[in-house]
Structures are given as structure tokens and as C-alpha cells.
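All remarks here apply to the structure that follows.
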Amino acid sequence: MKSYRATYMRGGTSRALIFNESDLPADKKSWDEIFLRALGSPDPYGRQLNGMGGGISSLSKVAVVRASGNPAADVDYTFAQVSVTESKVDYKGNCGNISSAIGPFAVLQGLCKVTGGEARVRIFNTNTQKIIHSIFPVKDSLPEFSGDLEIPGVAGTGAPIRLEFQEPGGASTGSLLPTGKICESLQVVGVGAIEVSMVDAANACVMVRARDLGLAGTEAPAELEHSVELLKKLDLIRRHASVTMGISKNLEDAANYIAIPYLGIISPATGPDRDFEMRVIASGQPHKALPLTVSLCAAVTAKLPGSVIHEAVQGRALSVVRIGMPTGVLQLSADVENEGGNWIARSGSFYRTARLLFVGEVFV
């Protein structure tokens, strides 16, 4: 069996196999097969028992890192979403959770040097062509993983990693508002007209009201997962949004992109510790927590007057956006401005933790 050097890390509420690009074949056309075999896909049983994947989208991920030639970055990072059940590897979007593991990985690999007690690693995400700054503590020039920060969905605590997304608008489509509209009616074959907000910040997303789907918006992921007809309807909405946003050519083409656009189900807050509730469909599955890029997109959308999220927060001006999710509350910051009638997302930030799990070889 052939093997490749790899590092296995948790980043936020996801896990990924992370490769130094120099350890992979120069021919990138061979990468898909390596990633599929390494993670155990496709698996018709949905468990990826024959590989390193965990049977859900948040545990079926790969990252590839190299030293950057971009003067604004220290390392380049490519994210790959590997399908659990199909022979598909999607490079269209980024993963905010895995982004939190890239800075520490780069330091561990010697791809960038750090001094003092804090590192600031500048990451160029090749999927979205965007810059992310990763700030985290270091000790003896190595990442510090132990700390007191607890994040929803992860047992235990870790060192805080602050991720700052620079100019996140248009990451997938080139425009914060791909259709030029903050809210519009989407004509979905087999579903009818449904009002949505289609926004692209860190990743392209389509946001829809829970009540318009006959949902409360507080459903557990397992409850959504067992509703086959609902998932089919949500996938139709997502594919129509993909075509409308210019991500794919037609509905059939949209089925090939398993990552974007993500679909967010929005409802009003259920408690004083949050501003609104969100459930997310990621790679065809209800997410157990929240994808970070989708959360950042939601924080931006909350500041756009007339959006389905701005409506859910009753138009309140939010300095910190608090999103209710299945495992708790996620807090983010987003800097959004209107210049001459054009909405611009200046930056977005949040805190994550990461953990090094193993360094060695993965057999394919």
C-alpha cells in the first residue's frame, strides 16, 4: 500500500487530514483519488470505516498547505470537502473551522517562523482567494494548544485562536450580493416561490426562513436528517440558488458542487443569550453545530437591511452577533459598510480552538 505523510488535526468543530503540499504528488489530478481513499469514500453505508473519515461532512475534510509566494501571506491553504457517499471532492469553498488549524500546522511544519508569545500567521485560502489572519499563543516557538477557551460542540478547553477574515465578500462568486439583491423570491421547481437572501461572505450561502419551510427553526440535526422529503426540498432550493448566484450552469451542474452554496435555516431567537437561531445543511447533511464560514456569512447578512436575518433580529444594530445553534451559542464580529449604495464586508472574526491529534503516514 502507498502512504503519504500527513497530520490529523481538529480545527473548531471539524477534523481534517492536513498535508504539506511537498508530500503529495506534483500532479494535482491524482489528489482526488488519494483523498477519497484516505478518508474511506465513497461509502454506501455512510460510515467511512475503511478510512479516516467520520461519516459526516464535518469529519470528511482535507487541507493542503505550502509556503506562499503571495507578499500578503505566509502560507497558501487549499481546502477539500470530501463526500462521504459519492466519489466527489469539492474545492469550491473554504472551511472556517479547519482554517483555525492551518496557522498552528504551518508553525509545526516550519513553513513560517514565530518569535515571542504570540503568532500571527497570514493565510491565503486558494479556494476563495481571500486572506485570513490566524492569531494564537506560542511557547518555545511552537503552538500552544492548552488553554481555557471552551467552544460549543467540543468537549474540554483549548488555547484561543482568533481568525480574522479580510474583505470576505465575494469569496465564492466575486460579489457580496451575487444577484444584486438582499432579499428576493426564488422560483423553485417542485417547491414554488420561496423568499431567500443569497449572500457571499467567506462562502456563498442561501438563507431561508424556517417558517416558510414549515419548521420551528429549533429542530435537532437528527430530526432534520430523518425527514427525507424535507432534505430533498432543501437540496432543490440550494441547487436553484446555485444557478441564480452564478455558481453553476444548471440544476444538474449544481449537484456536482456538494459544498456551496450552504443553506441556512433562520428563525427568531429563543432566549436572551442569542440574536437568532440557525440550522445549516452542509454537503447534503444537517450540520451538528455550525460551519464557521456560514456563521460569518450570517453575521454579515444580519447587518443587511431587508435580509431574512435582519428581519429575525428585528432590525437591531448588533456589535457582536450571537447565533443560536444545536450545541449552544456562537459569537462573531462583522464589519459591514454601505459606500455609495454598495454594501461592503470589511472583515469578520471569531475565536476557535484546535488540537493536534497525530503526525505520521496515511495509507491509501
Regarding GLY96, is this residue out of contact with any Lys or Arg (no Cβ under 6 Å at 6 or more places or on another chain) and touching a residue at least 24 places away in the same chain (Cβ under 8 Å)? yes
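Quick one: in the range 52-68, which of the residues that are over 19 Å from the mean Cα position of the chain (by Cα) and outside any loop (DSSP other than H, G, I, E, B) is nearest to LEU17 (Cα to Cα)?
Residue satisfying both the conditions and the ranking: ARG66.
Just to verify a result, which residue in the range 199-219, among those that are of a type in the set (A, V, I, L, M) and in contact with a Pro (Cβ under 6 Å, 6 or more places away or on another chain), is nearest to ILE98 (Cα to Cα)?
Within the range 199-219, the subset of a type in the set (A, V, I, L, M) is 199, 201-202, 204, 206-208, 210, 213, 215-216.
Then keep just the ones that are in contact with a Pro (Cβ under 6 Å, 6 or more places away or on another chain); that gives 201-202, 204, 206.
On the way: ALA201: 17, ALA202: 13, ALA204: 17, VAL206: 21 Å.
Taking the candidates together, the pick is ALA202.
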Restricting the range 311-337 to residues that are more than 21 Å from the chain's Cα centre (by Cα) and at pLDDT 95 or above, the one surrounded by the most Cβ atoms within 10 Å (Cβ to Cβ) turns out to be ALA312
Exactly one of LEU36, LEU49 is in a loop (DSSP other than H, G, I, E, B) and within 19 Å of VAL362 (Cβ to Cβ), and that one is LEU49
If you go through ALA38, ALA63, ALA67, ALA72, the only one that is closer than 27 Å to ILE161 by Cα, surrounded by 18 or more Cβ atoms within 10 Å (Cβ to Cβ) and of a type in the set (A, V, I, L, M) is ALA63
- Task: May I ask you to verify whether GLY147 is assigned by TED's automatic domain parsing to the domain that holds CYS112 and either under 20 Å from the mean Cα position of the chain (by Cα) or of a type in the set (Gly, Ala, Ser) (or both)?
- Result: yes
Hey, any hits in the range 32-45 for a residue that's touching a strand residue (DSSP E or B) at 6+ places or on another chain (Cβ under 7 Å), small (Gly, Ala, Ser), modelled with pLDDT of 95 or more and closer than 12 Å to ILE98 by Cβ?
-> no
Among (1) surrounded by fewer than 16 Cβ atoms within 10 Å (Cβ to Cβ); (2) modelled with pLDDT of 95 or more; (3) under 19 Å from the mean Cα position of the chain (by Cα), ASN256 falls short only on (2)
If you go through VAL300, VAL294, the only one that is closer than 27 Å to SER227 by Cα, under 20 Å from the mean Cα position of the chain (by Cα) and buried (at least 24 other Cβ atoms within 10 Å of the Cβ) is VAL294
So is SER283 buried (at least 20 other Cβ atoms within 10 Å of the Cβ), on the phi > 0 side of the Ramachandran plot and not assigned by TED's automatic domain parsing to the domain that holds ILE135 or not? yes
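Yes or no: the range 304-319 includes at least one residue that is in contact with a Cys (Cβ under 9 Å, 6 or more places away or on another chain), among the aliphatic types (A, V, I, L, M), touching a residue at least 12 places away in the same chain (Cβ under 8 Å) and farther than 30 Å from LEU142 by Cα.
At the first step, the residues of the range 304-319 found to be in contact with a Cys (Cβ under 9 Å, 6 or more places away or on another chain) are 304, 306-308, 310-311.
After this cut, where a residue has to be among the aliphatic types (A, V, I, L, M) as well, the list is 304, 308.
Restricting the remaining residues to those that are touching a residue at least 12 places away in the same chain (Cβ under 8 Å) gives 304, 308.
Restricting the remaining residues to those that are farther than 30 Å from LEU142 by Cα gives 304, 308.
Yes; the residues of the range 304-319 include at least one that is in contact with a Cys (Cβ under 9 Å, 6 or more places away or on another chain), among the aliphatic types (A, V, I, L, M), touching a residue at least 12 places away in the same chain (Cβ under 8 Å) and farther than 30 Å from LEU142 by Cα.
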Of those in the range 148-178 that are at positive phi and touching a residue at least 40 places away in the same chain (Cβ under 8 Å), the residue surrounded by the fewest Cβ atoms within 10 Å (Cβ to Cβ) is GLU167
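Checking the condition modelled with pLDDT of 95 or more, among the β-branched types (Val, Ile, Thr) and touching a Ser or Thr at 6+ places or on another chain (Cβ under 9 Å), which residue from THR78, THR115 passes? Spell out how you get there, then give the answer.
On the way: THR115 fails: modelled with pLDDT of 95 or more.
After applying the criteria, what remains is THR78.
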If we keep only residues of the range 127-147 that are outside any strand (DSSP E or B) and free of Cβ contacts under 8 Å to residues at least 60 places away in the same chain, then the residue surrounded by the most Cβ atoms within 10 Å (Cβ to Cβ) is ASN127
The strands (runs of 3 or more DSSP E) lying wholly within the range 172-220 that contain at least 3 residues that are aliphatic (A, V, I, L, M) are 192-201, 203-209
Within the range 72-90, residues being closer than 10 Å to PHE124 by Cα and assigned to a loop (DSSP other than H, G, I, E, B) number 3
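The values are calculated or read from the model by the stated rules, or taken from the named source; none is laboratory data. The structure presented is a predicted model; accordingly, all values stated were derived computationally and were not measured. Note: ideal-geometry Cβ built from the backbone for every residue, glycine included; neighbour counts use all protein chains shown.
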